[in-house]
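**Student:** Sharing a structure, written as C-alpha cells. Questions coming.
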Ligand SMILES: [Zn+2]
C-alpha cells in the first residue's frame, strides 16, 4: 500500500489519493503564465463499511475539450469512455467520484462558477458522495458537500 497517500478529511470521512494521481496533477499546475486550465474526472472506490474513499484514477485533458486560462469545458467523450471502461473492468468497484481542475493561484479557492457547477453535478449524482479537487500552483484543495455547505480541505 506504499503507493497511497492518505488524506484525512474528518473523523467521519476519509479520502485516500493514489500518489500516482498526485504526480499527474503536478504536471498540470498553472505555473507558466500562459498555461491553460486543466480539468478531468475523479474515479475511485468506496469501502462498503464506512466512509473511506480511494481516488485511484483520474482522466486528463483531451483533444476535443475546450480550455482557456480561466475556464474549461469538458467536451471530449473520452472521459466518459474511461469511466465506463474502468467500471466494467473492476466489476463495478471503480466509479465516478467527482471532478478536478486547476487554478492559476498558489492556494486555490472555489469560484462562484465552480460552486454552481458542483451543485449541478451533485443533482445529477444523488446516489453518491462526490469530491471536487482544485489544483493550485502550490497547494490543492478538496471540497465535498455536507448538508448545505461545502467543506474545504487543503493539502
Ligand atoms: Zn475553478
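**Student:** To the nearest 0.05, what FRET efficiency results for residue 126 and residue 69 with a Förster distance of 22 Å applied to their C-beta separation?
**Tutor:** 0.10
**Student:** Taking the beta-carbon count within 10 Å as an exposure proxy, list 37, 105, 7, 148 from fewest neighbours to most.
**Tutor:** 148, 105, 7, 37
**Student:** Same structure, new question: For residue 105 and residue 34, compute 0.36 nm times the residue count separating them, minus their Cα-Cα distance, and round to one decimal in nm.
**Tutor:** Difference between extended and current length: 24.2 nm.
**Student:** Given a Förster distance of 22 Å, report the FRET efficiency between residue 48 and residue 148 from their Cβ-Cβ distance, rounded to the nearest 0.05.
**Tutor:** Plugging the Cβ-Cβ distance into 1/(1 + (r/R0)^6) gives 0.20.
**Student:** Which residue, 51, 38, 141, has the most motion in a Gaussian network model of the chain that connects Cα atoms within less than 10 Å?
**Tutor:** 51
**Student:** Further, regarding this structure: Output needed for the chain: three equivalent-ellipsoid semi-axes, defined as square roots of 5 times the C-alpha gyration tensor eigenvalues, in descending order, whole Å.
**Tutor:** 22, 18, 16
**Student:** Now, a different point. So what is the relative contact order of segment 4-154, in percent, for Cα pairs below 8 Å that sit 6 or more residues apart?
**Tutor:** 21
A short reminder: the numbers here are calculations on the coordinates, not readings from a lab. Quick caveat, the model's predicted, so the values are computed rather than measured. Note that we place each Cβ from the backbone using ideal geometry, even for glycine, and neighbour counts take in every protein chain shown.
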